1. Which percent, to the nearest 5, of DSSP beta bridges fully inside the range 2-279 are antiparallel?
2. Please list, in order along the range 3-10, the HN-Hα scalar couplings obtained from phi with the Karplus expression 6.51 cos²θ - 1.76 cosθ + 1.60 (θ = phi - 60°), rounded to whole Hz, x for Gly and Pro.
3. Please tell me the relative contact order of the range 2-279 in percent, rounded to the nearest whole number, where contacts are Cα pairs under 8 Å and at least six residues apart.
4. Going by how many other beta carbons lie within 10 Å of each one, how would you line up Ile142, Ile279, fewest first?
5. Once the convex hull of the alpha carbons of the range 2-279 is built, what does its volume come to per residue, in cubic angstrom?
6. Please give the Cα centre distance for the range 18-43 versus the range 153-232, rounded to the nearest Å.
7. Given a cut-off of 32 Å, name the pairs among Lys57/Lys277; Lys25/Lys87; Lys57/Lys145; Lys87/Lys277 whose C-alpha atoms lie farther apart than that in the structure shown.
8. Once the other residues with Cβ under 9 Å from the Cβ of Arg223 are scored (Lys, Arg +1; Asp, Glu -1), what is the net sum?
Amino acid sequence: MFSNLSMGALGLTADLPTAIDLAAKHGFGGVDPDLGYLSGLGGTSAVSEFASSVSEKGLRWGMAGLPINVTAPGTEFAQQLAELPAKLEVLNAAGVTAVGTWVRPMHDELPYRRNWALHASRLSLIAELLADSGIRLGLEYIGPKTFWSTERFPFIHSLGEALELIVEVGAPNIGLILDSYHWYTAGESADDLEGLSDADIVSADINDARDDRERDEQQDLDRRLPGATGVIDLDGFMSALRAAGYDGPVKVEPFMKSLAEQPVDDVLADVSARLAKAIG
């Protein structure tokens, strides 16, 4: 495993070159790529040259965002799918090997099985294009009940459901984005992670939960830094990742607005230290 800097996940703003410099300065092992920035470099040769400079700083790429909205209206989805190969060419030139997205855990109009069929069919199309480019797709389930219960039809919000969807799609390049917060709010334990392998996991996020709320009261966008409260069994989560032989990026995603009000170097020094302690 390696510590990975995602400025957006910390609620911080910086262009990719700045994020790269900050990641190197504070001892991170990697940094999330920015497809928008890479696409603006003027061609694959320039992208490859830029990626080489990242490697020279001792950094690896984390995970890019999937540039497709899986639940978009049909026409919009078809257009995004048609535009995907050109974007994958940029990611290939940069040496990016993974993209990720989250599964919206509810829907106002589609019952569970219809929503399941929509996801399975569309993810199959996306995974095929990604496989042609040697890129993996990570899927993140969302655990908080305060989120998935807000619309008429709850959808996937647990590890078991996410794994079932991956099996149904049947693409070997699809795996999980495991987030300790969603794992906790879904009521899961280290036992639920037993049996996973590195091939099942694309990326991992760590964080903690507020200690003044019960599990079903936790809010998706109001978390704490890993180890801050001890509500989440971070040792159990990380031990399960080690047992799985996971070798990918681990980032911090607390959604704490207060971080943006602090000196960025102070925030990143703290986050880097927490990641180093968790990874061991």
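A short reminder: the numbers here are calculations on the coordinates, not readings from a lab. Keep in mind it's a predicted model, so treat the numbers as computed, not measured. We place every Cβ from the backbone using ideal geometry, glycine too, and count neighbours over all the protein chains shown.
1. Expressed as a percentage, antiparallel bridges in the range 2-279 total about 10.
2. With the stated coefficients, the range 3-10 comes to 6, 10, 9, 10, 4, x, 5, 8 Hz.
3. Reported as a whole number, the value is 20 percent.
4. Ile279, Ile142
5. Per-residue hull volume (Cα only) is 122 Å³.
6. First find each Cα centre; the distance between them is then 26 Å.
7. Lys57/Lys145; Lys87/Lys277
8. That sum, taken over residues with Cβ under 9 Å, equals -2.
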